[in-house]
Every structure is written in C-alpha cells, then in structure tokens.
Amino acid sequence: MTAAVSIGLASYTGMPVSTTHVLSSSVAGTMVVDGGGLQRKTVTSILMAWVFTLPAAVLLSGGLYWLSLQFL
C-alpha cells in the first residue's frame, strides 16, 4: 500500500521515481515499523548497489567510449 501511494503521488506530481527503489524502501520501512526481522546485511547490499551503480556505469561507458575511439 505504501509503495502504491508513493508511486501514485510521484506520478501525479510528475516526479521521476524508481519503482524498484520505492518498493524496496517501502518493504524495509514497513518491516522496521512492524518490528520485523530486517536483515542488516541485505539492506547494506541494497544500499551499496544503489550507491555504486551510477559511478560504475559512468566508468564502464567512458572506458568503452575511449576504447571505441582507439579502434575507429
């Protein structure tokens, strides 16, 4: 329900959001509020993936661009 409301509001206001991020954050937040067994290792893995995705994409695309310039 939380994810649906968040995505609906973002869509209504025209804000770009990642449905995957909203959904996983909603599940984690709900588990914390309900006192559920939120695994720290899993949350850390998700956060690290979010943090390192953009720099990895920049480095990979830049490297491939440079490599293509060398051969073309």
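Here, each number is a calculation from the coordinates, and none is a lab measurement. Computed from a prediction, not measured in an experiment: that's the story for all the values here. So basically every Cβ, Gly included, is an ideal-geometry build from the backbone, and we count neighbours across all protein chains shown.
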The FRET efficiency for Val51 and Thr2, from their Cβ-Cβ distance with R0 = 25 Å and rounded to 0.05, is 0.65
On Cα atoms only, tilt of 19-34 relative to the major axis of the chain in degrees: 30 degrees
Using alpha-carbon coordinates, inclination of helix 40-71 to the longest axis of the chain, degrees: 20 degrees
I'd like the Kirkwood hydrodynamic radius of the chain, using the inverse of the mean 1/r over distinct C-alpha pairs, in Å. 14.9 Å
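Could you work out the local net charge near Met48, counting Lys and Arg as +1, Asp and Glu as -1, over the other residues with Cβ closer than 13 Å to its Cβ?
Numbers: positive: Arg40, Lys41; negative: none.
Local net charge: +2.
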Pairing the Cα long axis of helix 2-13 with the longest principal axis of the chain, what angle in degrees results, from 0 to 90 and rounded to the nearest 10? 60 degrees
